[in-house]
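No value in this document is a laboratory result; all are computed from the given coordinates. The structure presented is a predicted model; accordingly, all values stated were derived computationally and were not measured. All Cβ positions, even for glycine, are placed from backbone atoms using ideal geometry, and neighbour counts span all protein chains on display.
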Amino acid sequence: MAEGTHDDGAADVLILGASFAGIELVHQLRRSARGRGLKITVVDRQAEHPYIPLVQERLVGRLDPANSVLPTRRSVEQKAAARYVVGDVVELDPDRKEVVLASGERLRGRFIVVALGSVLAPPAGIEGAERFVDYKFEGEFASAAQRLAALLGPGGEVSRRVSSGDGPYREGEASGPAGERPTIVVAGGGISGVELAGDLARLARVRPAGWRAPKVVLIHSGPRLLPHLCERAGRKAEQHLQAQGVELRLNTRLTRLAAGTAAVRPAGPGGDAVDVPCDMAFWSGGVRPAPVLARLPLPRTAAGWLAVGPTLQCFATPKPTRPDIFAIGDAARVQSAAGEWPTMQRAIECLWQAWLTADNLTRLAREAPEYPHGVPPLRPHTLREDFPHGVSIGDESLVVYGRLVVDFAAVNIWFRRFLMRQYIRRYS
């Protein structure tokens, strides 16, 4: 236990969130001699975590779900010899450095690291947004996989243009013939949307016995796919999706979901909304702050993310007043005198931030809790503007780095699976 930690019920490091950033922070702390002496408690709403970069392949049965999930709780408790608490964070007191869970349990730590991530959620302006099928997290994934199998499997029915009803796929909604080809709509033309549309379209060639191949429609509000990558990557993605039968609707916004239909309209001014068939819809148009972040009394950006300084501390004042609270991963946005840093918000950056935070925590842990000799200087995060991207598109796959686009599916797909196996092996 760190010097000066007197509360036997408190942890030295209390980590909120155990996805990429949180689990890597535990790993890095246990790699150093001083970090191995720290008492760690991890809180997460899940006991296991799917490998999110390939979650769309799990959804369509291309990957075995059992072999693409990290047993996070077991890893933390057995390999890292730390405490793991399954629960939802509802309150945080930054002065007491205390967290309250939905169960009522209270946890304290000398250091708190918030790594609560993001949610894949549509904007509130879409009518019927509750009909989108959530699939990112483990509980959501199980439900999404069941719904997809029910829609495409033997005896699955296709709902058609019924506007009554509150929720998705309710009993009593009118249905068309079971032999009809279901239509699945993917909203969002970034990497997640392109990959999901590609794997759904691949079902036309390879699918579980008895399944029907869906018609896949990708709706994107911009003029080209993969808007955050180079134009050539967007053109390649468009070509590969169209070759696999995906209907692309660019410069188009989805405005409403109802039973059996989706209303779309041109993204620019003017233009009327039209209904298109839609038996299932997935939102892949971007992430939003996890709702819990709005309840935490920590500095936030205008968009609702946690605002941190270059050292990833939440209270980044020139003279540190609360130096022991950090935020990393998708939840954090780095601020400096020059404004918000253009960090990538990717898994690799979560790992980099975890490495830095582990080093800074061990520096702080050398000092007495009240820092009678002052808070030691900490290392700042290094801004990296780019890193190679892997984009799988059904049977095709791209590697994109700057303006370089490598279109070599066999190697790219194998390498992404290799990274998944290495990730699970690293922590198991």
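Key figures
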{"read-out": "Sequence-separation-based contact order of the chain, relative, with Cα cut under 8 Å and 6+ spacing, percent", "value": "19 percent"}
{"read-out": "Sequence-separation-based contact order of segment 316-428, relative, with Cα cut under 8 Å and 6+ spacing, percent", "value": "15 percent"}
{"read-out": "Under-21-angstrom lysine pairs by C-alpha in the chain, whenever the two are 8 or more apart or on separate chains", "value": "4"}
{"read-out": "Within the chain, helix-based [θ] at 222 nm, where runs of 4 or more DSSP H residues each add -39,500 (n - 2.57), nearest 500", "value": "-7000 deg cm²/dmol"}
{"read-out": "DSSP bridge orientation in the chain - percent antiparallel, rounded to nearest 5", "value": "55 percent"}
{"read-out": "Whole-Hz ³J(HN,Hα) from phi, Karplus 6.51 cos²θ - 1.76 cosθ + 1.60, for segment 115-120, glycine and proline x", "value": "9, 8, x, 9, 10, 8"}
{"read-out": "Nonlocal amide H pairs with G117, under 5 Å, H built at 1.01 Å", "value": "D330, A331"}
{"read-out": "Residues in segment 44-65 reached by a label modelled at S428 [backbone nitrogen below 13 Å; 7 Å Cα→Cβ]", "value": "49-51, 64-65"}
{"read-out": "Around L229: net Lys/Arg minus Asp/Glu count, Cβ-Cβ under 11 Å", "value": "+3"}
{"read-out": "Integer Hz, Karplus 6.51/-1.76/1.60 couplings in order for segment 124-140, x for Gly and Pro", "value": "5, x, 7, 5, x, 4, 5, 7, 4, 8, 6, 8, 6, 8, 4, x, 5"}
{"read-out": "Fluctuation leader among A281, A262, A243 - the chain, Gaussian network, Cα springs under 10 angstrom", "value": "A243"}
{"read-out": "Per-residue HN-Hα couplings for segment 235-250 [Karplus 6.51, -1.76, 1.60; θ = phi - 60°; Hz; x = Gly/Pro]", "value": "5, 4, 4, 4, 4, 5, 5, 5, 5, 9, x, 7, 7, 9, 10, 8"}
{"read-out": "For segment 29-99: rounded, prolate or oblate by the Cα gyration tensor [a/c cutoff 1.5]", "value": "oblate"}
